[in-house]
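Below: one structure, written as structure tokens.
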Amino acid sequence: MTQNLLQIAHKAIDDKRGEDIVVLNMQNISLLADYFIICHGSSDRQLQAIAREVQDKAQENGFDIKRIEGFDSARWILVDLGDVVVHIFHKDERAFYNLERLWGDAPQLDVPTVE
């Protein structure tokens, strides 16, 4: 079930041209979620479109959205899907926060795409 959610979110990000999509396996590392998906976009409008697409596709497939943070400011939008947390950064903010380095002990995953 979590793998399905991971694939749905990954595809939603890709469909809205999210860049440099990274999936971190947070199991046994963080109590916050099993997986983090990190990506970035180049404009506020694109970040909001990515967040909306993730939300819409998750809900269409029966998954609950726990919360969305940062949507209005669109510099770092967090979409909490429970076991999967999606971090959508503005390109400049992503380099600044560098979550991949912060959670460097988390293995990166390749997510097979779904059609």
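Computed quantities for the displayed model
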quantity: Elements of type helices (runs of 4 or more DSSP H) contained in the stretch 12-108, each with 3 or more residues being buried (at least 18 other Cβ atoms within 10 Å of the Cβ) and either of a type in the set (D, E, K, R) or modelled with pLDDT of 95 or more (or both); calculated: 44-60
quantity: Residues of the stretch 72-113 that turn out to be under 25 Å from Ser43 (Cβ atoms) and under 13 Å from the mean Cα position of the chain (by Cα), as a count; calculated: 17
quantity: Count of the stretch 1-21 residues which are of a type outside the set (D, E, K, R), in contact with a helix residue (DSSP H, G or I) (Cβ under 6 Å, 6 or more places away or on another chain) and within 24 Å of Asn98 (Cβ to Cβ); calculated: 5
quantity: Breaking point among (1) farther than 17 Å from Met1 by Cβ; (2) of a type outside the set (Val, Ile, Thr); (3) touching a residue at least 40 places away in the same chain (Cβ under 8 Å), for Lys57; calculated: (1)
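The values are calculated or read from the model by the stated rules, or taken from the named source; none is laboratory data. Because the structure is a prediction, the values reported are computed rather than measured. Positions of Cβ are backbone-derived with ideal geometry, glycine not excepted, and every protein chain shown enters the neighbour counts.
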